[in-house]
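Structure record follows, encoded as structure tokens.
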Amino acid sequence: MRNIFLVTYDIRDDKRLRKVHKTMRNWGDHLQYSVFECQLSQHDLITLKDQLSQIIHHSNDQVLLVDLGPATGRGERVIEALGQPYTALASPCLIV
């Protein structure tokens with residue numbers, strides 16, 4: 001069974017930030033600069049946490065994984081935006 005996770009990160013070093021972003025692109029849909037939506041099994045979750053743990057500096061960086069519940073039976077994804085309208089990021093993200 002897969003759950004949907006909202007994964008956000010605050011990385012203090014540009015090199016580590018790029019590595020985290022590159023890693024996350026393999027796991028989910030990029031919603032905003034440091035926000036991804038991922039459908040993960042328990043095995044996937046453990047693997048993702050392990051990969052991120054090897055990249056981040058544990059006393060300076062933060063990664064939040066928010067479990068939004070089961071991936072099945074939720075219907076269409078609904079994203080409501082305040083301010084600028086939400087548009088899916090289809091192009092590569094440039095991080096400066």
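Quick look at the values:
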quantity: The stretch 1-31: number of residues that are open to solvent by 100 Å² or more (accessible area, probe 1.4 Å) and within 9 Å of the chain's Cα centre (by Cα); calculated: 1
quantity: Selected residue [open to solvent by 30 Å² or more (accessible area, probe 1.4 Å) and not in a helix (DSSP H, G or I)] from Gly75, Gly69; calculated: Gly75
quantity: Residue under evaluation Leu45, criteria (1) within 14 Å of Ile4 (Cα to Cα); (2) at pLDDT below 95; (3) aliphatic (A, V, I, L, M), criterion not met; calculated: (2)
quantity: Within the stretch 37-54, considering residues that are open to solvent by 50 Å² or more (accessible area, probe 1.4 Å) and out of contact with any helix residue (DSSP H, G or I) (no Cβ under 6 Å at 6 or more places or on another chain), the one nearest to Arg77 (Cα to Cα); calculated: Gln39
quantity: Sole exception among (1) polar (S, T, N, Q); (2) without any contact (Cβ under 8 Å) to a residue 24 or more places away in the chain; (3) open to solvent by less than 100 Å² (accessible area, probe 1.4 Å) for Ser34, by number; calculated: (2)
quantity: Every pair of residues 6+ apart whose Cβ atoms lie under 8 Å, when the first sits in the stretch 61-88 and is acidic (Asp, Glu) while the second is surrounded by 10 or more Cβ atoms within 10 Å (Cβ to Cβ) and part of a strand (DSSP E or B); calculated: Asp61/Tyr9; Asp61/Asp10; Asp67/Asn3; Asp67/Ile4; Asp67/Phe5
quantity: Test for Lys22: is it farther than 26 Å from Gln84 by Cα, basic (Lys, Arg) and outside any strand (DSSP E or B); calculated: no
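The values are calculated or read from the model by the stated rules, or taken from the named source; none is laboratory data. All figures in this text were calculated on a predicted structure; none of them were measured in a lab. For neighbour counting, all protein chains shown are included, and Cβ atoms are generated from backbone atoms with ideal geometry for every residue, glycine included. Heavy atoms of the whole protein, side chains included, go into the accessibility calculation; ligands, DNA and RNA do not. Shrake-Rupley method; radii C 1.70, N 1.55, O 1.52, S 1.80 Å.
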